[in-house]
Amino acid sequence: MPDFPPPGVYHIKSLELDCYAGILKDQNVLRGGPAPNMWHLSYTDFSKGLCVFSEVDGQGSGSLGVYDDRNNMPVYRVDISQIWVLKKTDVGIAICKVVDDKTYAWYLGKKDEPVVIEDSTPLQSWEFLDPLNE
């Protein structure tokens, strides 16, 4: 069985920069910052780590996605659900998209900057934290 978090509601935290993935009020871009959003993680295929991230009611509506599948594209709140792939790393989980056999993973360069997709290695690690037990 894969070592992925079960479906549920999570804060998503960058292990490299010790900050959370969140969308600021009146914005649509995902950023690394001190205040976490709660994200609902659901799977289309748990065994392969294929999943969707959607906002928890009351924070906004939509799911996480990109407008174009190429390097340095920011992750946004989008209206149509997009499939992400979770990949186990040495210390956490990478959040990726696979397009034409190319893997793009969430990358955060600095706190307060947008989270973008990059095809660089090594993959950045994220952790999924239960907001009730954090």
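Throughout, read-outs are computed from the coordinates displayed, never taken from laboratory work. Everything numeric in this text was worked out from a predicted model, so none of it was measured. Heads up, the Cβs are rebuilt from the backbone with ideal geometry, glycines too, and the neighbour counts pull from every protein chain shown.
Observations on the model:
- Selection within segment 115-127 - outside any loop (DSSP other than H, G, I, E, B), farther than 17 Å from Gly33 by Cβ and among the hydrophobic types (A, V, I, L, M, F, W, C): Ile117
- Extreme residue, nearest to Pro131 (Cα to Cα), among residues of segment 40-80 that are among the charged types (D, E, K, R) and out of contact with any Gly (no Cβ under 7 Å at 6 or more places or on another chain): Asp57
- Among the residues of segment 88-132, those that are of a type in the set (D, E, K, R) and surrounded by fewer than 17 Cβ atoms within 10 Å (Cβ to Cβ) comprise Lys88, Asp90, Asp100, Asp101, Lys102, Lys110, Lys111, Asp112, Glu113, Asp119, Glu127, Asp130.
- Residue list for segment 6-32, filter: assigned to a loop (DSSP other than H, G, I, E, B) and within 16 Å of Ala105 (Cα to Cα): Leu15, Glu16, Leu17
- Among residues of segment 75-95 that are within 14 Å of Leu41 (Cα to Cα), those with a beta-carbon under 7 Å from a residue that is surrounded by fewer than 17 Cβ atoms within 10 Å (Cβ to Cβ) and among the β-branched types (Val, Ile, Thr) at least six positions away or on a different chain give the pairs Ile83/Thr44; Val85/Val98.
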